[in-house]
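Remarks on the structure that follows.
The values are calculated or read from the model by the stated rules, or taken from the named source; none is laboratory data. Computed from a predicted structure; not experimentally measured. We place every Cβ from the backbone using ideal geometry, glycine too, and count neighbours over all the protein chains shown. Ligands, DNA and RNA are excluded from the accessible area calculation, which covers all protein heavy atoms including side chains. Shrake-Rupley method; radii C 1.70, N 1.55, O 1.52, S 1.80 Å.
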Amino acid sequence: MGSLQPGVQRLRRDQPLEDFVRALEQDGCVIVSDFTTPEVVSKANAEVQPFLHAQGLPGAKVGALAGKTQTVNRLIGRSKTVREKFFSDPLYQELCEHFLAMETTAWYGDEARTNKSHPLLSIAITFDIPPGTPAQGLHRDDKNHHARHPPTDRYYNNRDMLLGLFVPGCDTFKANGATRIVPGSHLWGDDKPDFSTISVTDAEMNVGEAFIMLGSLYHGAGSYPEPLGINSESGRESRTVHAMFSCSGVHRQEEISFLSYPIEEVKTYSKLVQDRLGWKQSEPNLGWVDLRSPEFMLE
């Protein structure tokens, strides 16, 4: 078992997949201590910088974003490093399959037919958060899918429809707004939580680490009240994080991938990314074009 900060297990990527599954089932989250390298993160940061500069301030005012945070949307197409090194990472994809893939058997007369639906990319986005940004309210990201959560003491298969991956673009700690999390809250029901009696943990990470969490986990960006005098690659002090969420293949994606990523561009992506963007039918008959699985349009 990896080293711990309260409620968050830190595991190495050479540990068995079962260790990561157990951590997510128990706590709702896990930190991968050697997910990537600082050099790869720096490359991803450089790829998104032109889009951050072009956006300017104020940033988006959507949901929990109040105008201070800059974003890079359509991230799979705008950062090859995010697409190929972070989102396509084998460990993350294995965990997506474990938690989000669905296999069911239905009857056609006397014949039992078993089908499997694989995960989709729901959203990929970079957040660039400056000093002066207040903390977010603790929330669950699966609210967008109107998810309901029967309270339970033990995790069970297909309880979640989202699995998130957060790769920090800089060292992240409480003072610059590390994500606040409530380990174990993925097992709660839907009644109003009393956070005043609950232990909230800061998911502090160094560059090269990554945070993986279930969509039912209560979390929220922490407060970044004032500058810390830290230089950043962007030329302004900020906390950067590259975030991706995958959803089960029978749920609607948060970002409409077919409009966000032009087909000629998608043709250059790996088969894995094409499938995760929705260019492969969810069996038995969900997401087709002319009664065919849509990958034929990429030929």
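Counted over the chain, the DSSP beta bridges are approximately 95% antiparallel.
For the pair the stretch 151-201 and the stretch 33-49, the centres of their Cα atoms are 24 angstrom apart. Dipole check for the chain: with +1 at the C-beta of Lys and Arg, -1 at the C-beta of Asp and Glu, and the Cα centre as origin, the magnitude is about 580 Debye. Rolling a 1.4 angstrom probe over the chain with all protein chains present gives an accessible area of which 53% lies on carbon and sulfur atoms.
Per the Cα gyration tensor, the stretch 1-145 maps to an equivalent ellipsoid with semi-axes of 32, 22, 18 Å, ordered largest to smallest.
Taking a ≥ b ≥ c as the square roots of the Cα gyration tensor eigenvalues, the stretch 10-297 comes out oblate, since a/c reaches at least 1.5 and a/b does not exceed b/c. Rg ratio for the stretch 159-299: its Cα radius of gyration over 2.2 N^0.38 Å, N being its residue count, equals 1.34. Solvent exposure of the stretch 10-297, expressed per residue, is 47 Å² of accessible area, with all protein chains present and a 1.4 angstrom probe. Working from label points 7 Å from Cα in the Cα-to-Cβ sense, the Ala60 to Leu228 distance is 2.4 nm. Only lysine pairs 8 or more places apart, or on different chains, with alpha-carbon atoms under 15 angstrom apart are counted in the chain, and they number 9. Ordering of 88-96, 69-77, 241-249 by packing is 241-249, 69-77, 88-96, highest average first (other Cβ atoms within 10 Å, averaged per residue).
Going 7 Å from the Cα of Met297 along its beta-carbon direction, which residues of the stretch 237-274 have the amide nitrogen within less than 16 Å of the resulting point? Within reach of a label on Met297: 253, 256-269, 274. Given their separation in residues at 0.36 nm each and the Cα-Cα distance between them, Asp19 and Tyr156 gain 47.7 nm when the chain is fully extended.
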